[in-house]
Amino acid sequence: MKLFLLISLCCVTGSLAGICQDAFKHSSDLSRPFFQVVEGQAIEIYYQKRANQEMFGIKIYKNQDMRKKDLHCDLCVNATQVEDGCFKIKSTVLSVGPRDVLKYITMSKYTGKPEVKVAPTRTAEFTDYVIPSSCVCKSPPGPGYCGKASDKITDYRPLFVFHEGATSAAYLPKAPSTAEIGLQALKNANFVPAKQQKVPQKLDFNVEKLSERDGCYALDLNEPRFALGDHINFVVTGKKTDGKNIRTDPRKAYLNSE
């Protein structure tokens, strides 16, 4: 029996080899950049180059209300050089830490077109959750994993660990700002928007409250079974300690050989 590790990537700490290809290999939304953060030190931004695209730019506003008139751009930069199929921006000007919220606007310029295409404002939220840059290649994670992860940052993305064709598990290091966490997921399928559902969509699993185990929110599953090449489409739910609800947008992660 082979052991596979699945990590859903968006906003992570550390460095990753071939990050551009890995980050966008299975992405269903190529219009979003990939953020990599070294907490309190630097931010790297990757954006996959489109055909005939000659420039990528981004304006980032940290912890600001976009409705206010006195906005200031915390990082305004563009790039024209392409590395491994991506525009890459690295900056030590912008420092990002846990619970920071980045509102950002992206811009693109294409060969032969004088205008610059400006995308709507989007959000990247960083919390105390972690996707470790080093592999956790056994299930469950080894002793101290959750405690060591607690000082890292990323958004609400679990670490998934699978035994092919057998059991699977999900782990989220517990953040001080979070009261409880739930998990909804589909196997090899997409979430249907509520307005388009004639009847409630049947989920492969829907757990309202994950148990706490050694500093992690943890979930063990016997069903559904996963194999190499499968993907999981998931939504994290729950509550923060201030009473606010947690519900992320649907996200995909693919099961790849470790």
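Quick one: L255 ticks every box in (1) within 21 Å of the chain's Cα centre (by Cα); (2) farther than 16 Å from T167 by Cα; (3) modelled with pLDDT under 85 bar one, so which box is it?
Going through (1) within 21 Å of the chain's Cα centre (by Cα); (2) farther than 16 Å from T167 by Cα; (3) modelled with pLDDT under 85 one by one, L255 breaks only (2).
Answer with yes or no whether A194 is open to solvent by 20 Å² or more (accessible area, probe 1.4 Å) and out of contact with any strand residue (DSSP E or B) (no Cβ under 7 Å at 6 or more places or on another chain). Steps first, answer last, please.
Details: open to solvent by 20 Å² or more (accessible area, probe 1.4 Å): yes; out of contact with any strand residue (DSSP E or B) (no Cβ under 7 Å at 6 or more places or on another chain): yes.
Judged against the criteria, A194 is a match.
Before we move on, is D204 at pLDDT 85 or above, surrounded by 15 or more Cβ atoms within 10 Å (Cβ to Cβ) and acidic (D, E)? Break it down stepwise before answering.
Details: at pLDDT 85 or above: yes; surrounded by 15 or more Cβ atoms within 10 Å (Cβ to Cβ): yes; acidic (D, E): yes.
Taking the combined requirement at face value, the residue satisfies it.
Write out, first by first residue and then by second, each pair whose Cβ atoms fall under 6 Å of each other, whose residues are 6+ apart or on separate chains, and whose first residue, in the stretch 94-118, is more than 26 Å from R67 (Cβ to Cβ) while the second is open to solvent by 40 Å² or more (accessible area, probe 1.4 Å).
Listed by first residue and then by second, the contacts come to K109/E54; K109/V116; Y110/N52; T111/N52; T111/E54.
Inside the stretch 202-240, can you point out the residues that are hydrophobic (A, V, I, L, M, F, W, C) and free of Cβ contacts under 8 Å to residues at least 40 places away in the same chain?
L203, F205, V207
Restricting to the stretch 233-249, give me the number of residues that are assigned to a loop (DSSP other than H, G, I, E, B) and either at pLDDT below 85 or of a type in the set (K, R) (or both). Don't jump to the end; show me each part of the working.
Keep residues of the stretch 233-249 that are assigned to a loop (DSSP other than H, G, I, E, B), which gives 241-244, 248-249.
With either at pLDDT below 85 or of a type in the set (K, R) (or both) added as a condition, the list becomes 244, 248-249.
Residues in the stretch 233-249 being assigned to a loop (DSSP other than H, G, I, E, B) and either at pLDDT below 85 or of a type in the set (K, R) (or both): 3 in total.
If you take the residues in the stretch 50-86 that are among the polar types (S, T, N, Q) and under 16 Å from L102 (Cβ atoms), which one is surrounded by the fewest Cβ atoms within 10 Å (Cβ to Cβ)? Write out each step before concluding.
Taking the stretch 50-86 first, the residues among the polar types (S, T, N, Q) are 52-53, 63-64, 78, 80-81.
Keeping just the survivors that are under 16 Å from L102 (Cβ atoms) gives 63-64.
Working: N63: 11, Q64: 16.
Looking at residues that are among the polar types (S, T, N, Q) and under 16 Å from L102 (Cβ atoms), I get N63.
Return yes or no: is Y47 under 30 Å from G229 (Cβ atoms), open to solvent by less than 50 Å² (accessible area, probe 1.4 Å), among the aromatic types (F, W, Y) and modelled with pLDDT of 85 or more? It would help to see each step written out before you state the result.
Values: under 30 Å from G229 (Cβ atoms): yes; open to solvent by less than 50 Å² (accessible area, probe 1.4 Å): yes; among the aromatic types (F, W, Y): yes; modelled with pLDDT of 85 or more: yes.
Answer is yes for this residue.
For F205, indicate whether it is aromatic (F, W, Y) and touching a Gly at 6+ places or on another chain (Cβ under 8 Å).
Numbers: aromatic (F, W, Y): yes; touching a Gly at 6+ places or on another chain (Cβ under 8 Å): no.
Taking the combined requirement at face value, the residue does not satisfy it.
Look at the stretch 232-252 and say how many of its residues are closer than 15 Å to V161 by Cα and crowded, with 19+ Cβ neighbours inside 10 Å. Even if it seems obvious, please write down each step before you answer.
Going through the stretch 232-252, the residues closer than 15 Å to V161 by Cα turn out to be 232-234, 252.
Right, trim to crowded, with 19+ Cβ neighbours inside 10 Å and you get 232-234.
Qualifying residue count for the region: 3.
Could you tell me whether K209 is closer than 16 Å to R157 by Cα, open to solvent by 40 Å² or more (accessible area, probe 1.4 Å) and modelled with pLDDT of 90 or more?
yes
Does F226 satisfy the condition of being on the phi < 0 side of the Ramachandran plot, aromatic (F, W, Y) and either in a loop (DSSP other than H, G, I, E, B) or surrounded by fewer than 16 Cβ atoms within 10 Å (Cβ to Cβ) (or both)?
On the way: on the phi < 0 side of the Ramachandran plot: yes; aromatic (F, W, Y): yes; either in a loop (DSSP other than H, G, I, E, B) or surrounded by fewer than 16 Cβ atoms within 10 Å (Cβ to Cβ) (or both): yes.
Answer is yes for this residue.
The values are calculated or read from the model by the stated rules, or taken from the named source; none is laboratory data. Treat the numbers as computed from the prediction; the structure is a model and nothing was measured. So basically every Cβ, Gly included, is an ideal-geometry build from the backbone, and we count neighbours across all protein chains shown. Please note that ligands, DNA and RNA were not included when accessible areas were found on the heavy atoms of the full protein model with its side chains. Shrake-Rupley method; radii C 1.70, N 1.55, O 1.52, S 1.80 Å.
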